[in-house]
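The values are calculated or read from the model by the stated rules, or taken from the named source; none is laboratory data. Computed from a predicted structure; not experimentally measured. Reconstructed Cβ throughout: ideal geometry from the backbone, glycine too, with neighbour counts over all protein chains shown. Just so you know, the surface numbers come from the protein's heavy atoms only, side chains and all, with ligands and any DNA or RNA stripped out. Shrake-Rupley method; radii C 1.70, N 1.55, O 1.52, S 1.80 Å.
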Amino acid sequence: MAKSSKDAKSGKDGKDGKKKHKHKHKKDDLGSLLRVTPGGPPVNLREYDAADTPGGPSGKKQAQKETAEIRLRLAELQERLFAQSTAGDPRRLLLVLQGMDTSGKGGTVKHVAAGLNPTGVRVRTFKAPTPEELKHPFLWRIRRAVPAPGEIGVFDRSHYEDVLIARVRELVPRATWSRRYGMINRFEQTLADEGVTVVKVFLHISYAEQGERLLARLDNPAKHWKFNPEDITERGVWPAYQRAYEAALDRCSTETAPWYVVPADRKWYRNWAISRLLLEHLEQMDPAYPKADFDVEESRALLLKT
């Protein structure tokens, strides 16, 4: 929860007049810096500086260097994760990305997945439900997209849309979306029981930065396909979305599946931080190559005779 770069230089507090505290920068456990403490104080996103770089490298160049190094380690751990699944290990990892438009969900997928074996990565983007999906409970389509054992899954948007846009746009009654927080928590606990490590990341972008990125899309014909006039409408209810995100972070950050708030104004930090979070979780999972279930020396001797 640091001051913005501009405020840090001037020594001023944040725009709301409240002092914003800087994170202590240490890279050995980034998760503890970014984690929303389950049962902790209510989340107030105005206290989180979207331009901060908690625990991060000294600058963009160093971050890019470290991100490239992290990718090598991620690739090794991914191979181990897949290898152990061939011996019946049920474990897998699911990265859930949520954030306002232009916060970088797609960019994160592109940068973080670089270097991973695509056959072991399952990426799913959740848009408005199809007529078929609307016939089922809201978690039905999510369950069908959960990665298989040995895989790394990435959700670009997720089941949280049903307590975000559904809440802000009043797509369902309040009584309906308010019940969904508990349903989500129970669902994620079930995933954990089945061997799924859930890493939930909220990409926290500032209102000003979002405006600049939307303008950049309009000013570049090659980016017009990324722009949707509805983005302006959604931007008009920014405060409502912030409250909806705060509620989701508060009510669905659990010991089993905590939320992590990643400042997203600086793309280089965003990519580094999520890569680092994935590395920490995979190292905790500690996947290992399965032992051979055959006589290695005998097979080697037979092979040399051919």
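At-a-glance table
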| quantity | calculated |
| --- | --- |
| The chain: angle of helix 238-252 to the longest principal axis, Cα-based, in degrees nearest 10 | 40 degrees |
| Trypsin sites (Lys or Arg not before Pro) restricted to the range 152-227 and DSSP loop, no more than 16 other C-beta within 10 Å | R169 |
| Cβ-derived FRET efficiency at R0 51 Å, L302 paired with S58, nearest 0.05 | 0.40 |
| Links that overshoot a 32 Å alpha carbon limit, given the list K267/K291; K135/K226; K105/K291 | K267/K291; K105/K291 |
| Within the range 223-306, GluC sites (Glu not before Pro) in DSSP loop having at most 15 other beta-carbon neighbours inside 10 Å | E255 |
| Using distinct alpha-carbon pairs, which all enter the 1/r mean, Kirkwood radius of the range 140-190 in Å | 12.1 Å |
| Charge dipole magnitude, Cβ of K and R +1, D and E -1 - the chain, Cα centre, debye nearest 20 | 1040 debye |
| Trypsin sites (Lys or Arg not before Pro) restricted to DSSP loop in the range 256-304 with at most 10 other C-beta within 10 Å | K291 |
| Radius, Kirkwood style, for the chain when every pair of distinct Cα atoms is counted (Å) | 20.9 Å |
| Accessible surface of the chain, 1.4 Å probe, proportion on carbon and sulfur as whole % | 54 percent |
| Alpha-carbon centroids, the range 204-238 and the range 120-150: separation in whole Å | 26 Å |
| Degrees separating the helix 60-85 axis from the principal Cα axis of the chain, which is the longest one | 40 degrees |
| Once the Cα gyration tensor of the range 72-136 is diagonalised, semi-axes √(5λ) in Å | 27, 19, 9 |
| Scattering profile of the range 102-219 at q = 0.13, 0.16 Å⁻¹ [log10 I(q)/I(0), Debye over alpha-carbon scatterers] | -0.64, -0.95 |
| Estimated Rh, the range 180-306: Kirkwood, alpha-carbon pairs, angstrom | 19.0 Å |
